[in-house]
1. Step by step: first the residues of the range 250-280, then only those that are touching a residue at least 60 places away in the same chain (Cβ under 8 Å) and of a type in the set (Asp, Glu), then the one that is surrounded by the fewest Cβ atoms within 10 Å (Cβ to Cβ). Which residue is that?
2. Can you find, within the range 212-225, the residue that is nearest to ALA263 (Cα to Cα) among those that are under 27 Å from the mean Cα position of the chain (by Cα) and open to solvent by 50 Å² or more (accessible area, probe 1.4 Å)?
3. If you go through the range 200-211 one residue at a time, do you hit one that is free of Cβ contacts under 8 Å to residues at least 24 places away in the same chain and surrounded by fewer than 19 Cβ atoms within 10 Å (Cβ to Cβ)?
4. Which one of these is within 13 Å of SER182 (Cβ to Cβ) and either more than 14 Å from the chain's Cα centre (by Cα) or acidic (Asp, Glu) (or both): SER156, SER160, SER93?
5. Considering only residues that are assigned to a helix (DSSP H, G or I) and open to solvent by less than 30 Å² (accessible area, probe 1.4 Å), look in the range 151-165 and name the one that is modelled with the lowest pLDDT.
6. Determine which single condition VAL133 fails, assuming it passes every other condition in (1) crowded, with 19+ Cβ neighbours inside 10 Å; (2) β-branched (Val, Ile, Thr); (3) part of a strand (DSSP E or B).
Amino acid sequence: MIPRELFPKIRQIEIRTKGLVNNVFGGEYNSAFKGRGIEFSEVRPYQLGDDIRSIDWNVTARTGETFVKIFEEEREQTLLLVVDISGSSDFGSQDKFKREISAEICALLGFSAIKNNDKVGLILFSDQVELYVPPKSGRRHVLRLIRDLFAHQPQSTGTSLQSALDHILRVIRRRSIVLLVSDFLDEGFERPLRMVSRRHDTVAVQLMDPRDTSLPPLGLVTLFDPETKQSKLIDTGSRTVRDQFTHSSTRSNQELKTLLRRARVDHVEITCGEDFVDPLAKFFRARAQIA
């Protein structure tokens, strides 16, 4: 049952994101992923001017005549939204929690996808797969996904990207666009990420709150980990403590960038409290130029 107070918020997100899709983002999405879904259609006899790289050598050897493979761009693609709803998603030092920003990003990309006649699916995960909604098309379906993003109550507070990635490998057979939305505060997921990246066009959207990387000088502060439920008292008045925290965060973020690069996963950073439309649009424009 969806809480009644969520309906105005969902409607507001729909209006805002559909406006962005129509005026700004729909073309960026289409350009970024255009031509990435190619499927085999048929073989036909070789004709003068055909690219020799398209020759089907098996058929050619079997028939004694030269045949080439014909490929067609898939008219319909699948966008799979894979969203982290662990305990850290309910954190935000700015005006919104990470989970709210995730929902708005997914709404924007979901409406962009259906504008291009693509299907959209959803995986919500903590340290387990909390919800899987198979891909479908249409406005009502995207609205259902947005409601799930806001209304689903996680059974756990931990994080396991591996569990989500393993689920993708099991249930998504056809090559798809996989959008991972998370703060990536996790370890041990590089191998399944590489496997997903080999099968699917994979993009990591990293949500970063300013307090994930730096602490203000507020004196003695109790830091609470929403995933482990553990608390720790630290002296933020100490410059050394603040520098150590920033150094550790910077190192972890650099390690994540290296991991994503090795796995051949595209990466876009979103800073909570700042408009996410511009970095997303810039990212997809850059992708379109090398597509």
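1. Among those residues, the one meeting the criterion is GLU269.
2. In this case the residue turns out to be ASP225.
3. The answer is no; no qualifying residue exists.
4. The match here is SER160.
5. Of all residues in the range 151-165, those assigned to a helix (DSSP H, G or I) come to 151, 161-165.
Filter once more, keeping what is open to solvent by less than 30 Å² (accessible area, probe 1.4 Å): 151, 161, 163-165.
Working: ALA151: 90, LEU161: 97, SER163: 97, ALA164: 97, LEU165: 98.
Looking at residues that are assigned to a helix (DSSP H, G or I) and open to solvent by less than 30 Å² (accessible area, probe 1.4 Å), I get ALA151.
6. Going through (1) crowded, with 19+ Cβ neighbours inside 10 Å; (2) β-branched (Val, Ile, Thr); (3) part of a strand (DSSP E or B) one by one, VAL133 breaks only (1).
The values are calculated or read from the model by the stated rules, or taken from the named source; none is laboratory data. Predicted model, so just to flag it, every value in this text is computed and none were measured. Neighbour counts are summed over all protein chains in view; Cβ atoms, including those assigned to glycine, are modelled from backbone coordinates with ideal geometry. To get the accessible areas, we keep the full protein, side chains included, count just its heavy atoms, and leave off ligands, DNA and RNA. Shrake-Rupley method; radii C 1.70, N 1.55, O 1.52, S 1.80 Å.
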